[in-house]
Amino acid sequence: MAWIGAGSLVAWLWLWLGQGFFWRTDVTLPERVDPARWPTVAVVVPARDEAEVLPRSLPSLLAQKYPGRAEVFLVDDSSSDGTGEVARALARDHGGLPLTVLSPPEPEPGWTGKLWAVRHGMRTAAERGGAEFWLLTDADIAHEPDSLRELVAAATTTGLDLVSQMARLRVATGWERLIVPAFVYLFGQLYPFRWVNRAGNRTAAAAGGCVLLRREAAERAGLPDSIRQAVIDDVSLARAVKRTGGRIWLGLAHGVDSVRPYPRLAELWRMVSRSAYAQLRHSPLLLAGTVVGLALVYLAPPVALVAGAAGLGAPAAVLGGAAWAVMTGTFVPMLRYYRQPVWAALLLPFTATLYLLMTVDSAVQHHRGRGAAWKGRTYGAPTR
């Protein structure tokens, strides 16, 4: 047990100091410098059965205070709840940026539904008037009035081809408070923002709820056609842009918020498990390594501490306690970002156990033929 505690402590010291300082929450958009000319922007919103959340999100897009020309394209992806009608009514009631509601046919074979909708929106916008940038944003994302202006200013003044903000997710219920901050924390651990934003580093990622994409970079990378099968489309998009020489940036948002509720554990479980195994490239070997890694890094410290205190030796207790202390300390900044109590950092091993089970469940569902299921559609492993 002492050796396990020592291994966990070494892992945490490496994560703390050597994993791109992933635990810090200071990677945010730089101070705005307005460009001499504001480029034309097309806002593309893929939406499937989103009538419930649109009244809390779409008006914020229509109300953007953008000095240049911008238009919103909401792509109604075969919704059954009147999403398109709700969007048109909101545009009539709120005014602001012009809104076009599109209704593409069912996705062609080999396409995920969201990317098919994004493709339809991007093509229509290009035909309408040659947008220089696309803002790809989800139907559940609400933006502060100057959000688009800040994104474009960041891209134009620093020569970025992709600017993405990790929207602040809702933390209103007990389960949301437990799982959501850890979700963003673990995402940052997997894709350290500082590494993503470094031109010479191969790490690439984006947050699909808010992605400003330069049209030239999208055409160079063949987007979205080149990633048509991607379940984790935001990371795949960022990789395609960076691989073809584009500069990308990812950080935490202030003023970009998700309004989608996940009140119960079941909804949060589905959110994570629908794509967890795809993240592991549907590999049983990577799944086994992930399970072992999560157990060693997150579960071993409290187990070693308790076992050592129960009589298995002081070294196990000391090493396990030290590892748990480092783990807890790295989680505190994310809890503060989400305005949660600091003591909740002690619960991270329990939350990590839930994520471990969600990942295993994702693999089980895949091998049962259910794949990554979302909004009535199921996707298996990509074909070559």
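Being touching a helix residue (DSSP H, G or I) at 6+ places or on another chain (Cβ under 8 Å), modelled with pLDDT of 95 or more, surrounded by 15 or more Cβ atoms within 10 Å (Cβ to Cβ) and among the small types (Gly, Ala, Ser) is true for just one of 316, 295, 307, 276. Which residue is that?
None of the other options fit; the residue is 295.
Which of (1) surrounded by fewer than 21 Cβ atoms within 10 Å (Cβ to Cβ); (2) touching a Leu at 6+ places or on another chain (Cβ under 8 Å); (3) within 20 Å of residue 167 (Cβ to Cβ) is the odd one out, the single condition residue 193 does not satisfy?
Residue 193 satisfies all of (1) surrounded by fewer than 21 Cβ atoms within 10 Å (Cβ to Cβ); (2) touching a Leu at 6+ places or on another chain (Cβ under 8 Å); (3) within 20 Å of residue 167 (Cβ to Cβ) except (1).
Quick one: what pairs do we get from the range 247-269, first residue without any contact (Cβ under 8 Å) to a residue 40 or more places away in the chain and on the phi < 0 side of the Ramachandran plot, second aromatic (Phe, Trp, Tyr) and not in a strand (DSSP E or B), C-beta under 9 Å, 6+ apart or different chains?
Short answer, once both residue conditions are applied: 267/175.
Of all residues in the range 360-384 being surrounded by 20 or more Cβ atoms within 10 Å (Cβ to Cβ) and of a type outside the set (Phe, Trp, Tyr), which is modelled with the lowest pLDDT?
372
Looking only at the range 67-86, count how many residues are in contact with a helix residue (DSSP H, G or I) (Cβ under 6 Å, 6 or more places away or on another chain) and not charged (D, E, K, R).
Total meeting the criteria: 5.
Please work out which residue is nearest to residue 216 (Cα to Cα), limiting yourself to the range 130-155 and to residues that are out of contact with any Cys (no Cβ under 9 Å at 6 or more places or on another chain), modelled with pLDDT of 95 or more and not hydrophobic (A, V, I, L, M, F, W, C).
For the range 130-155, the residue satisfying everything is 132.
For the range 178-205, which residues satisfy the criterion of being over 10 Å from residue 242 (Cβ atoms) and touching a Ser or Thr at 6+ places or on another chain (Cβ under 7 Å)?
178, 179, 182, 191, 192, 195, listed by residue number.
If I filter the range 279-292 down to residues being exposed (fewer than 14 other Cβ atoms within 10 Å of the Cβ) and either more than 20 Å from residue 355 (Cβ to Cβ) or not polar (S, T, N, Q) (or both), which single residue comes out as modelled with the lowest pLDDT?
Restricting to residues being exposed (fewer than 14 other Cβ atoms within 10 Å of the Cβ) and either more than 20 Å from residue 355 (Cβ to Cβ) or not polar (S, T, N, Q) (or both), the top hit is 281.
Which pairs have Cβ atoms under 7 Å, sit 6 or more apart or on different chains, and link a residue in the range 12-29 that is touching a residue at least 12 places away in the same chain (Cβ under 8 Å) to one that is of a type in the set (Asp, Glu) and buried (at least 19 other Cβ atoms within 10 Å of the Cβ)?
Every condition considered, the pairs that remain are 29/150.
Identify, please: which residue in the range 1-48 is under 22 Å from residue 324 (Cβ atoms) and among the polar types (S, T, N, Q) and is, among those, surrounded by the fewest Cβ atoms within 10 Å (Cβ to Cβ)?
Looking at the filtered set, the residue picked out is 19.
The values are calculated or read from the model by the stated rules, or taken from the named source; none is laboratory data. Computed from a predicted structure; not experimentally measured. No Cβ is skipped: glycine too gets one built from the backbone with ideal geometry, and neighbour counts run over all protein chains shown.
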